[in-house]
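Here's the structure, in structure tokens; my notes come after.
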Amino acid sequence: SNASWVMKGILDYLTGSSVDARILRENFVFKIVPMLNPDGVARGHTRANMGGLDLNRCYGDANPGEHEGVFWVLEWLKHWTQQGELLFYLDMHAHAHTRGCVLYGNRLPSTLSQVWNVAFAKFCELNGPHFDFQGCEFPPNAEKETESCGRACVAALCRLSHAYTLECHYSIGRQAHPLEDPEGLDERCVHPGMNVPMLCQVPYGIYEWESMGEAIAVSILDLHGINSFSRPSAKMILHKVSESLSPGKSPEELEKADPKQALKRLDEDSGNFHDFQLWRVMHSMVVARENPNLEAQVLEVFGKGQLLAVAEEMGNWVRLHAPSGCLGGKLNTDLNQVR
């Protein structure tokens, strides 16, 4: 499935010759289970083993007779926890309903820890063009249905802050986004799945899923503050999270804040938060101009059905967040806001 291609992206990156990969190997030991349910997959199952049991809903009472893969993974995880060696857990899944690539995490008892927990998802957005931070949930809304899943049980059994499920859609995301260039890596070969020139919808394939694996690996470096080639915004997020975790920060102030809102990306020039809405083009073709004037220079042309990031409504015009430009005027532009 697509989760297997994400796994391949992680493996290719970790075993590669890049400076980032070497830093990861020097600082962490990665324990990888390429496929937890090979026997069930061999029979054509997507999540059930050979006995028809759902292997992602048995972590609370796994036994070696019925859930052999899950049982022994949990035994090893508990062993590494006792040794003080477990820092991070991630299981990867395909998803047919939730669009995009998102993380499901846990709600931690400490708000300070929770901000740090959510920060990993923000790093993934900054390092992966197909990652949807706004689609992440901590925990998922249907938590009662998932309390026996790997993410929730591993966090509870191992007292682990960073325990996640990565869900990747089979075909497409809500909106892909361009990435900043990492500082100091101008000559590095970029994975083809990372090449997203502007905000747009991108059909998923092998390259897109593999690039998600690379984004996960790089985000681990950012999470621990040891990435020598962070993207500029990643450095800002790390600084912001560090401030939140400092003793001088008021816990009462953090309790009132939504962690995802607190970690919105800052505009480096103005210091203001980027805030935009998604609108869908309804006409067969619309034109973005340099300013709100029908005589202004044409910057870009968009087709019917395309999603655009709108930063501001200006009467009969709207100003785009990215790419830059204005849409509207007397001829109007038939756009519908995506709710």
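The values are calculated or read from the model by the stated rules, or taken from the named source; none is laboratory data. Predicted, not measured: the structure shown is a model, and the values here were computed from it. Don't worry about glycine lacking a Cβ; one is built from the backbone with ideal geometry, like all the others, and counts go over all protein chains shown. Ligands, DNA and RNA are stripped out before the accessible areas are found, and what is left, the full protein with its side chains, is counted by its heavy atoms. Shrake-Rupley method; radii C 1.70, N 1.55, O 1.52, S 1.80 Å.
VAL33: net charge of surrounding residues, Cβ under 13 Å, Lys/Arg +1, Asp/Glu -1, itself excluded?
Neighbour charge sum, excluding VAL33 itself: -2.
Could you please state how large a percent of the accessible area of segment 51-112 is carbon and sulfur, counting protein chains only and using a 1.4 Å probe?
Answer for segment 51-112 is 52 percent, counting heavy atoms of protein chains only.
How much accessible area does THR81 have with a 1.4 Å probe, in Å² rounded to the nearest 10?
Around 50 Å² of this residue is reachable by solvent.
Using a Förster radius of 22 Å, what is the FRET efficiency between ALA96 and LEU11 based on their Cβ-Cβ separation? Nearest 0.05, please.
For R0 = 22 Å, the calculated efficiency reads 0.35.
Can you give me the solvent accessible area of ARG22 with a 1.4 Å probe, rounded to the nearest 10 Å²?
Answer for ARG22: close to 110 Å² accessible.
Write down the accessible area per residue of segment 1-107 in Å², having rolled a 1.4 Å probe over the full set of protein chains.
Computed with neighbouring chains in place, this is 57 Å² per residue.
Working from the alpha-carbon coordinates of segment 14-57, get Rg over Rh, Rh being the Kirkwood radius.
On the Cα set of segment 14-57, Rg over Rh gives 1.27.
Please list ARG57, ARG151, ARG289 from largest to smallest accessible area, probe radius 1.4 Å, with all protein chains kept in place.
ARG57, ARG289, ARG151
FRET efficiency for ILE32 and SER228, Cβ-Cβ distance as r, R0 = 22 Å, nearest 0.05?
Efficiency at R0 = 22 Å is approximately 0.40.
Across segment 19-36, in residue order, what do the Karplus-derived ³J(HN,Hα) couplings come to in whole Hz, using 6.51 cos²θ - 1.76 cosθ + 1.60 with θ = phi - 60° and x for Gly and Pro?
The phi angles translate into 4, 4, 5, 5, 4, 4, 5, 6, 10, 9, 10, 9, 9, 10, 10, x, 8, 7 Hz.
Near the amide H of TYR59, under 5 Å away, which other amide H atoms are found, from residues 5 or more places off or on another chain, if H is placed in the peptide plane?
When sequence neighbours closer than 5 places are left aside, there are no close amide H contacts.
Given H placed on each backbone N at 1.01 Å, which residues far from TYR164 in sequence or on other chains put an amide H within less than 5 Å of it?
TYR89, LEU90, ASP91
Within the set of other residues whose C-beta is less than 10 Å from the C-beta of GLY193, count the net charge using Lys and Arg as +1 and Asp and Glu as -1.
-3
Taking amide H atoms as placed 1.01 Å from N in the peptide plane, list the residues 5 or more away in sequence, or in a different chain, whose amide H sits under 5 Å from that of MET50.
GLY40
Got a sec? What order do GLU66, GLU295 fall in by accessible area at 1.4 Å, biggest, i.e. largest, first?
Reading off the accessible areas and sorting them downward yields GLU295, GLU66.
Cα gyration tensor of segment 1-80, axes a ≥ b ≥ c as square roots of the eigenvalues: rounded (a/c below 1.5), prolate (a/b > b/c) or oblate?
Oblate, because a/c is 1.5 or more while a/b does not exceed b/c.
Go through CYS168, CYS189 and list them by solvent-accessible area, largest first, probe radius 1.4 Å.
CYS189, CYS168
I need the shape label for segment 87-220. Rule: rounded when a/c is under 1.5, else prolate if a/b > b/c, else oblate, with a, b, c from the alpha carbon gyration tensor.
prolate
So how much accessible area does LEU185 have, in Å² to the nearest 10, using a 1.4 Å probe?
30 Å²
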